[in-house]
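K.L.:
Take this structure, written in structure tokens, and hold onto it; I'll ask about it next.
The values are calculated or read from the model by the stated rules, or taken from the named source; none is laboratory data. Fair warning: this is a prediction, and the values are worked out from it, not measured in the lab. Positions of Cβ are backbone-derived with ideal geometry, glycine not excepted, and every protein chain shown enters the neighbour counts. Surface areas here come from the heavy atoms of the whole protein model, side chains and all, with no ligands, DNA or RNA. Shrake-Rupley method; radii C 1.70, N 1.55, O 1.52, S 1.80 Å.
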Amino acid sequence: MDNKELIRKAIDGLKYSYAPYSNFNVSAVLVTKDGEIYTGCNIENAGYTPTNCAERTAFFKAISEGVRGFEKIVIVAGKNRKVEGMTAPCGVCRQVMMEFCDPKTFKIILAESEDTYKEFTLEELLPLGFGPGDLLEG
Ligand code: THU
């Protein structure tokens, strides 16, 4: 799938976002190095803190099925399931990406339409990130 198709899939996924409290809908499409796709939406909760972001939903779906090795993630968001502007991942999601992705090569695509998007590496969005490598011995 090219970026255009991935963005279209992300926009389509906004319909699954469960966000009755913020009414801010987020959808993500995660692409593995093998070209497999895992989708995710934000899932809110009346208790607020159990809320899960779209990006982490996509990651946890993949990780929980044994998948490793990720190439990129496409993110779209806006109120009332309509994409508005570009939305960057929250700090917690960036940290989860840091756990499973190479910050120099993993790409984060923030889209506002099929044709308008910006691409960043994880390192650009999380400079000097702390990751698994920092806990290696020696
Ligand atoms: N949200 C995401 O899904 N991803 C982000 O990176 C930013 C925030 C969700 C969480 C919550 O459901 C809503 O957006 C408002 O914060």
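K.L.:
For the list (1) surrounded by fewer than 17 Cβ atoms within 10 Å (Cβ to Cβ); (2) over 25 Å from ASP115 (Cβ atoms), I need the number of the one condition that VAL67 fails.
P.N.:
Status for VAL67: all satisfied but (1).
One line per residue, one yes/no per condition, for (1) touching a Leu at 6+ places or on another chain (Cβ under 8 Å); (2) under 24 Å from PHE120 (Cβ atoms):
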{"position": "TYR21", "(1), (2)": "no, no"}
{"position": "LYS33", "(1), (2)": "no, yes"}
{"position": "GLU44", "(1), (2)": "no, no"}
{"position": "GLY47", "(1), (2)": "no, no"}
{"position": "THR57", "(1), (2)": "no, yes"}
{"position": "ALA62", "(1), (2)": "yes, yes"}
{"position": "PHE70", "(1), (2)": "yes, yes"}
{"position": "GLU84", "(1), (2)": "no, yes"}
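K.L.:
Looking at the structure I just gave you, is LEU122 modelled with pLDDT of 95 or more and open to solvent by less than 20 Å² (accessible area, probe 1.4 Å)?
P.N.:
For LEU122, the condition - modelled with pLDDT of 95 or more and open to solvent by less than 20 Å² (accessible area, probe 1.4 Å) - is met.
K.L.:
If you don't mind, another one. In the range 87-113, how many residues are open to solvent by 60 Å² or more (accessible area, probe 1.4 Å) and among the charged types (D, E, K, R)?
P.N.:
Counting residues in the range 87-113 that are open to solvent by 60 Å² or more (accessible area, probe 1.4 Å) and among the charged types (D, E, K, R) gives 4.
K.L.:
To continue, here is another question. I'd like to know if the range 75-85 contains one or more residues that are closer than 15 Å to ILE108 by Cα, within 12 Å of the ligand (Cβ to nearest atom), part of a strand (DSSP E or B) and among the β-branched types (Val, Ile, Thr).
P.N.:
So far as the range 75-85 goes, yes, one or more of its residues are closer than 15 Å to ILE108 by Cα, within 12 Å of the ligand (Cβ to nearest atom), part of a strand (DSSP E or B) and among the β-branched types (Val, Ile, Thr).
K.L.:
For VAL67, state whether it is within 14 Å of the ligand (Cβ to nearest atom) and either assigned to a strand (DSSP E or B) or among the hydrophobic types (A, V, I, L, M, F, W, C) (or both).
P.N.:
no
K.L.:
To continue, here is another question. Which pairs have Cβ atoms under 6 Å, sit 6 or more apart or on different chains, and link a residue in the range 35-50 that is open to solvent by 50 Å² or more (accessible area, probe 1.4 Å) to one that is part of a strand (DSSP E or B) and hydroxyl-bearing (Ser, Thr, Tyr)?
P.N.:
Once the first residue is open to solvent by 50 Å² or more (accessible area, probe 1.4 Å) and sits in the range 35-50, its partners that are part of a strand (DSSP E or B) and hydroxyl-bearing (Ser, Thr, Tyr) give ILE43/TYR18.
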